[in-house]
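Enquirer: Got a structure for you, questions after.
Computed from the coordinates by the stated procedures, all read-outs in this text should not be read as laboratory data. The model shown is predicted, which means the values in this text are computed figures rather than measured ones. Ideal geometry is used to build each Cβ from the backbone, glycine not excepted, and the neighbour counts take in all protein chains shown.
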């Protein structure tokens, strides 16, 4: 047995490999945990007479160290040799790596925020789980308003006064509670409504709202701000129009349309041949809302506006199904890799 081990030691010392495959075969032959030579020799240890076990163990460890050193040394030599090969063209471009891209909603949100921050608006965020006061009551929603019904709002079952926010207007209230006028802020975020999922509706979507409160703020200021936004985002030839509407937290209230981005206002099936597309709701902040947050409506006025990011993205990129934004279809996302 001792003679056999010595032969293996000699074999290991003399071994040379020209390729990494040859070296791997040598490693498996000696060091494999199942059928390697060294593994089998250690299994024979129990059959060695007690007075010879010390010497046998010593020579086995010597064999193991020689093999492991040989494998480590030859592997590094072979790797270095491959790196120095003259038949490799080091000027060739490397293999391209697959990189990620921004989601179209993220792209649109950043573009919108950049426009408003350039106009002097700050950016603020608020909680998605909200209490009734900040989500409804402080915003002048009557207690019997349909938006409070179960079919429109997700209520937290253990506490019916806590909801998943239905708009980012809750952040308007929180911001006005902690900041004194002048206030000029945009508020992006995710919102939830208990709606059936379809091509034009979803139970989760994204909004950006704007708020400006100061002395002598007028509807003309609101119109000028939104016109500048529309022309910056959709193009310098974009026109806007306002239609009377109703929101509990603004008075007067309006909905704003822009010239259709697809037909340039000439009329098409997307704009129902009107040449206009609705993009947002807006209005002057109701005096009751200002009073609810401790701002004197006799001294200050303000305007607010809000729109869905998905709606803007659908218009910008010609997407006709809202559900696409949340499906994580790589074929769709790859289209935005270089935007």
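Enquirer: Debye calculation, C-alpha points only, no solvent: report log10 I(q)/I(0) for the chain at q = 0.08, 0.12, 0.15 Å⁻¹, in the same order as the q values.
Expert: -0.57, -0.88, -1.29
Enquirer: Take the Cα gyration tensor of the range 116-188, multiply each eigenvalue by 5, square-root it, and list the three semi-axes largest first, rounded to whole angstrom.
Expert: Working: eigenvalues 134, 29, 23 Å².
Working through the eigenvalues yields semi-axes of 26, 12, 11 Å.
Enquirer: Sticking with this structure for a sec: Kindly state, to the nearest 0.05, the FRET efficiency for residue 111 paired with residue 273, given R0 = 25 Å and r defined as their beta-carbon distance. Don't skip to the end; give the middle numbers.
Expert: Working: r = 28 Å, r/R0 = 1.14.
So, using R0 = 25 Å, E works out to roughly 0.30.
Enquirer: Alpha carbon centre of the range 44-70 versus the range 197-225: separation in Å?
Expert: 81 Å
Enquirer: State, to one decimal in nm², a quarter of the convex hull surface area for the C-alpha atoms of the range 1-56, i.e. the direction-averaged projected area. Intermediate results must be reported in sequence, preceding the final value.
Expert: Details: hull surface 17.1 nm².
With every direction weighted equally, the projected area is 4.3 nm².
Enquirer: Running a GNM on the chain with Cα contacts under 10 Å, which residue among 77, 111, 207 ends up with the highest mean-square fluctuation?
Expert: 77
Enquirer: Order the peptides 46-52, 330-336 from the highest to the lowest mean number of other Cβ atoms within 10 Å of their residues. Walk me through the numbers on the way to the answer.
Expert: Working: 46-52: 8.9, 330-336: 12.1.
Answer by packing, highest mean first, reads 330-336, 46-52.
Enquirer: A further question follows. If you average the alpha carbon positions of the range 308-339 and of the range 228-252, how far apart do those two centres end up, in angstrom?
Expert: If you average the Cα positions of each part, the centres end up 23 Å apart.
Enquirer: Also: Per 10 Å bin, what percent of the C-alpha pairs of the range 274-339 does each bin hold, from zero upward?
Expert: Bins of 10 Å from zero give 16, 31, 20, 19, 13, 1 percent of pairs.
Enquirer: Once the principal axes of the Cα atoms of the range 60-159 are found, what is the range along each, listed largest first in whole angstroms?
Expert: Sorted from largest, the Cα extents of the range 60-159 read 86, 45, 26 Å.
Enquirer: Fewest first, what order do 184, 215 take by the number of other Cβ atoms within 10 Å?
Expert: Details: 184 19, 215 10.
Ordered by Cβ neighbours within 10 Å, fewest first: 215, 184.
Enquirer: Also, quick follow-up: For an R0 of 25 angstrom, estimate the FRET efficiency from the Cβ-Cβ distance between residue 228 and residue 298 and round to the nearest 0.05.
Expert: On the way: r = 29 Å, r/R0 = 1.17.
The formula returns an efficiency of 0.30 here.
Enquirer: Can you tell me the relative contact order of the range 231-339? Whole percent, Cα pairs under 8 Å, sequence separation 6 or more.
Expert: It comes to 18 percent, rounded to a whole number.
Enquirer: Give the relative contact order (percent, whole number) for the range 2-83; include only Cα pairs under 8 Å separated by 6+ residues.
Expert: The value is 42 percent.
Enquirer: In percent, what relative contact order does the chain have, based on Cα pairs under 8 Å that are 6 or more apart in sequence?
Expert: Details: 499 pairs, mean separation 51.1, N = 339.
Here the relative contact order equals 15 percent.
Enquirer: At residue 58 and residue 81, where each label point lies 7 Å from the Cα along Cα→Cβ, what is the point-to-point distance in nanometres?
Expert: Label-label distance for residue 58 and residue 81, simple model: 3.6 nm.
Enquirer: Grab the beta carbon distance between residue 177 and residue 96, set R0 = 45 Å, and tell me the FRET efficiency rounded to 0.05.
Expert: Details: r = 51 Å, r/R0 = 1.14.
The pair residue 177/residue 96 has a calculated efficiency of 0.30.
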